[in-house]
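One structure is given below, encoded as structure tokens.
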Amino acid sequence: MSKTKNDTTEDQILTAAKNVFQRKGMDGSRMQEIANEAGINKALLHYYYRSKQMLFEAVFKNAFSLLAPQLNGILNDDSSIEDKIRNFTANYLTFMNKHPYLPKFIIHEVNRNPEFILKMRDKTGFPNLDKFKKQVAAEVESGTIKSIKAEQLFINIMALNIFPFVATPLIKAFANINDQTFKQLMEDRKTEVSDFIINSIKVKP
């Protein structure tokens, strides 16, 4: 019973911290506010996490650990570049529709503390581009796709997938759409983004 209770409390803390960090960012958040959101006292929060930085890293790792292995698996499987683009986009957008706070969360905090992402890079499951680079180079050489560096292609994929979640309020205002319509647009982008990128690199017969 004790173990279950501890796990439940920690889950409450991580959920509360995610919500507070999402609203206020790392610098604007306070441990007392996170404790209040979790429904516990501050002393118990400090028992689990001695500092706000430790709590932030736990929230980040918890979310990133769900996504990174999926993306790494796609980048390093034996599928074609076209299939990689489609699978990467579909997996990323599905995940972000469930965790829409994450891109803004990551971009803000990684720029604030770039050393943190460098530490994450050494963890098992962090996306590795080595195979992707070789595959892109081989497909360029064989004439399957146009000449493009793998890094540029990967940035294009990431940019087109990440931007709508970073600029959600702006997009909704410009397009004059509600939350439900925005979610449908993001669902449609699984095809739109993939087709756009593939058509931009495909060699026409």
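Remarks
- Size of charge dipole - the range 1-50 - debye, nearest 20, with Cβ of Lys, Arg +1 and Asp, Glu -1, no other charges: 80
- The dipole here belongs to the range 117-191: it is taken about the Cα centre, uses +1 on the Cβ of Lys and Arg and -1 on the Cβ of Asp and Glu, and is about 180 debye.
- Note on the chain: dipole from Cβ charges, positive end direction compared against Ser80, Val193, Gln135; the farthest Cα belongs to Val193.
- Amide H contacts of Lys146: Lys202, Val203, each under 5 Å away and 5 or more positions distant or on a separate chain (H built 1.01 Å from N in the peptide plane; Pro and chain starts excluded).
- Relative contact order (%) - criterion: Cα under 8 Å, at least six apart; region: the range 53-201: 33
- Given +1 at the Cβ of Lys and Arg, -1 at the Cβ of Asp and Glu and no other charges, the dipole of the range 147-205 around its Cα centre is 160 debye to the nearest 20.
- Scalar couplings 3J(HN,Hα) for the range 83-90, obtained by applying the Karplus form with A = 6.51, B = -1.76, C = 1.60 to θ = phi - 60°, are 5, 4, 4, 5, 5, 4, 4, 4 Hz; x denotes Gly and Pro.
- Charge dipole of the chain about the Cα centre (unit charges at C-beta), most positive-ward option of Met120, Leu170, Ala17: Ala17
- Cross-link reach list, lysines versus Lys52, counting only Cα pairs under 19 Å and skipping chain neighbours closer than eight places: Lys18, Lys24, Lys42, Lys61, Lys104, Lys119
- Here the range 53-201 is described by how far its Cα atoms reach on the three principal axes: 46, 40, 21 Å, from widest to narrowest.
- Against the chain, whose longest principal axis is taken from its Cα atoms, helix 150-166 shows a tilt of about 50°.
- Label-to-label distance, nm, for residues given as Ala138 and Gln53 (7 Å Cα→Cβ offset): 4.3
- Helix 2-28 vs. the chain, principal-axis angle (Cα, 0 to 90°, nearest 10): 70
- Taking a point 7 Å from the Cα of Val166 along the Cα-to-Cβ direction, the residues of the range 78-111 with backbone N closer than 11 Å to it are 103-108, 111.
None of the figures in this text is laboratory data; all of them are computed from the coordinates on show. Model, not experiment: these values are computed from the prediction. Don't worry about glycine lacking a Cβ; one is built from the backbone with ideal geometry, like all the others, and counts go over all protein chains shown.
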